[in-house]
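Take this structure first; my questions come after.
The values are calculated or read from the model by the stated rules, or taken from the named source; none is laboratory data. Computed from a prediction, not measured in an experiment: that's the story for all the values here. FYI the Cβ positions are ideal-geometry reconstructions off the backbone, even for glycines, and counts take in every protein chain you see. Just the protein is used for accessible areas: all its heavy atoms, side chains included, with ligands, DNA and RNA removed. Shrake-Rupley method; radii C 1.70, N 1.55, O 1.52, S 1.80 Å.
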Amino acid sequence: MYTLLLVDDEEEVTRIIAKKVKWNDLGFSVTGHANNGLKALEMLEEMQPDVVMTDIRMPYMDGLELCGQIREKYPATKLVLFTGFDDFEYAKEAVHLEIEEYVLKPLNAAEITKVFEDLKKKLDQEINEKKSAELLKKYYKDSLPLLQANFYSTLIEGRVPEEELTKYLANYQIDFTGPLYGCVLIHASKTQVPKDMDPQLVAISVDKQAGERLEQKWKAKRFNYLGDTVMIVQLESEKEVSELTDSCDRFCKYVHHMIGAVVTVGVGQICDNIPDLVKSYQSAREAVSYRVLYGSNQAINLKEIVPTRKVATEAADGTELAYLFKMICLGKKPDVKAAVERYMERKIIPLKSLERYHVAVMELISELYHFMVNNELDIQKLSGGTGQLYTLLSNMEARILEKWLLNICLVLHEDMANARDHSKKSLIDQAKEYVHNNYSNEALNLDDICSELGVSNSYFSSIFKKETGQSFVAYLTGYRMEKAARMLVETSEKSYMIAKSVGYTDPNYFSYVFKRQYGVSPSKYRTEYESN
């Protein structure tokens, strides 16, 4: 059952369409109605319909402008225009919008039925191609040449000598123009998969669609590594990182909508030196691990969620300490306690030699300092210098050392959580202050805020809604309306002047938004206040 959004400023038209056409029989469900293009864009972000059927002539944003916005932001959405004869020639000129069909008014149920029968076949074919096991298997066999894939894997593992890099790039015909590079890790869940689909085929489908939707735009080199898709992307400047994160976030939403895949994308740190891609991959992998805190089906950029965090390196001790530090960052208190116990039981308790015990304690202190410096935590919490701490800990019995380690790890766990919360609140406070100082600017939008804060739209939108309970657009609109309402009762300014002062050049649209907010027009709002 495909979803359909109807858009027309005449509500009677959309009601007739919804009533006269047997949508369920056609395989469609009308999931919403919008009475103007701006409202339709708001609903699109939430609903992500398969098809939008819209009139051309509407207030605030006409149907062609709406189709242009949809084609740019939601290229998979199918578009159907219905319009009067006078608009038809004008509509035909917009061939670059790739409209599926034009339906002339007065609307005819039989004609609409035929249009959507054909559209259903086209959508079915696209879905079947994406889910076809045979096509995916063939694509898997025809994926990137083995030599290139092996080279990319070796590169992100840090095993390509820098002095031999140019030779490898030439031999394998790899074009790295940069000037900036970064790793993007695409992780498809192997446990949350659509019914009757093999997890491996889901991963292949995700990989294929990543190639279709991301590879060309970001001049990416795509390959499979440890069961995930990795892309080495190339950027022109640091400013493109937020756009990259947003593109990856939209990709997650797209594949979930199309085939039900649960995907998390980790965006690694950006570097200007190809050998540094090993650090970029490590940070991308670490970003994906943060899905336990922030959820899947989204792109995660570590520099956004933990701005001060540096790239983590594997602990000298190996798996056990690395796992302990991971639980400090991502786990709950019981997870930290279990990780401490696991570390002690595997790395400290079994030691029978005093010399080895002292070496292990020295390595533990070194890695604790390294972890705290990497995350800009207060190293004063490790009382005294390294020499004093070594003397103190090396003379502790193993079980006493375990209690000390658990205590310091729980402190670090709380510090990490507080740092994340502080970062979120600081971001929201900065955004609100920016709105308070710039709400009169008609052009103020989400892109401006994110550019000012240096974060992606997807991350900011998610955090803002989670922390405030409303979208940024709703907050901006509410603040503008609050200012307008105050001016209506505290000044004698004309309504159109008030509209302009709060960022609306179109007084009619201002009145529309104000009435939606307060239930009455601006003039009536002022009259009712004066009468009271």
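So which residues in the range 486-522 are among the aliphatic types (A, V, I, L, M), within 23 Å of GLU42 (Cβ to Cβ) and either surrounded by fewer than 16 Cβ atoms within 10 Å (Cβ to Cβ) or within 32 Å of the chain's Cα centre (by Cα) (or both), if there are any at all? I'd like the intermediate steps shown before the answer.
Our first condition is that a residue be among the aliphatic types (A, V, I, L, M); within the range 486-522, this holds for 487-489, 497-499, 502, 513, 520.
From what's left, within 23 Å of GLU42 (Cβ to Cβ): 499, 502, 513, 520.
Hits for the range 486-522 are VAL502, VAL513, VAL520.
OK, next. If you scan the range 272-297, which residues turn out to be among the hydrophobic types (A, V, I, L, M, F, W, C), closer than 17 Å to ILE156 by Cα and either under 18 Å from the mean Cα position of the chain (by Cα) or open to solvent by 10 Å² or more (accessible area, probe 1.4 Å) (or both)? Please lay out each step first, then the result.
Here is the first cut: in the range 272-297, the residues among the hydrophobic types (A, V, I, L, M, F, W, C) are 274, 277-278, 284, 287-288, 292-293.
Among the residues that remain, those that are also closer than 17 Å to ILE156 by Cα are: 274, 277-278, 284, 287-288.
The answer is ILE274, VAL278, ALA284, ALA287, VAL288.
Suppose we keep only residues that are out of contact with any Phe, Trp or Tyr (no Cβ under 8 Å at 6 or more places or on another chain), in a helix (DSSP H, G or I) and not β-branched (Val, Ile, Thr) within the range 144-163. Which one would you say is modelled with the lowest pLDDT?
The residue in question is LEU146.
Among the residues of the range 407-441, count how many are loosely packed, with under 13 Cβ neighbours inside 10 Å and in contact (Cβ under 8 Å) with a residue 40 or more places away in the chain.
3
Using the structure shown, decide if GLU341 is in contact (Cβ under 8 Å) with a residue 60 or more places away in the chain and open to solvent by 60 Å² or more (accessible area, probe 1.4 Å).
Working: in contact (Cβ under 8 Å) with a residue 60 or more places away in the chain: yes; open to solvent by 60 Å² or more (accessible area, probe 1.4 Å): yes.
Criteria met by GLU341.
Moving on to the next point. Can you confirm whether TYR323 is aromatic (Phe, Trp, Tyr), part of a helix (DSSP H, G or I) and modelled with pLDDT of 90 or more?
Values: aromatic (Phe, Trp, Tyr): yes; part of a helix (DSSP H, G or I): yes; modelled with pLDDT of 90 or more: no.
When the stated conditions are applied, TYR323 does not pass them.
While we're looking at this one, here's another question. Go over the candidates LYS141, LYS121 one by one and state the one that is modelled with pLDDT of 85 or more, more than 30 Å from SER242 (Cβ to Cβ), out of contact with any helix residue (DSSP H, G or I) (no Cβ under 7 Å at 6 or more places or on another chain) and not small (Gly, Ala, Ser).
Numbers: LYS141 fails: modelled with pLDDT of 85 or more.
LYS121 is the lone residue from the list that is modelled with pLDDT of 85 or more, more than 30 Å from SER242 (Cβ to Cβ), out of contact with any helix residue (DSSP H, G or I) (no Cβ under 7 Å at 6 or more places or on another chain) and not small (Gly, Ala, Ser).
So which helices (runs of 4 or more DSSP H) stay within the range 1-61 end to end and still have 3 or more residues that are within 15 Å of TYR74 (Cβ to Cβ), open to solvent by less than 60 Å² (accessible area, probe 1.4 Å) and assigned by the TED database to the domain that holds LYS105? So that I can check it myself, show each step before the final result.
Numbers: elements: 11-20, 23-26, 37-47.
The helices (runs of 4 or more DSSP H) meeting that bar are 37-47.
Please work out which residue is nearest to LYS217 (Cα to Cα), limiting yourself to the range 160-170 and to residues that are touching a residue at least 12 places away in the same chain (Cβ under 8 Å) and either open to solvent by 30 Å² or more (accessible area, probe 1.4 Å) or in the same structural domain as PRO275 (by the TED database) (or both). Give the steps one after another, and end with the answer.
If we filter the range 160-170 for residues that are touching a residue at least 12 places away in the same chain (Cβ under 8 Å), which is where we start, we get 160, 162, 165, 168.
Subsequent filtering for residues that are either open to solvent by 30 Å² or more (accessible area, probe 1.4 Å) or in the same structural domain as PRO275 (by the TED database) (or both) retains 162, 168.
Details: GLU162: 27, TYR168: 24 Å.
Among them, the one singled out is TYR168.
Let me ask another. When THR177 is evaluated against the numbered criteria (1) modelled with pLDDT of 85 or more; (2) surrounded by 16 or more Cβ atoms within 10 Å (Cβ to Cβ); (3) in contact with a Lys or Arg (Cβ under 8 Å, 6 or more places away or on another chain); (4) more than 27 Å from ALA18 (Cα to Cα), which criterion, by number, is the only one it fails?
Status for THR177: all satisfied but (2).
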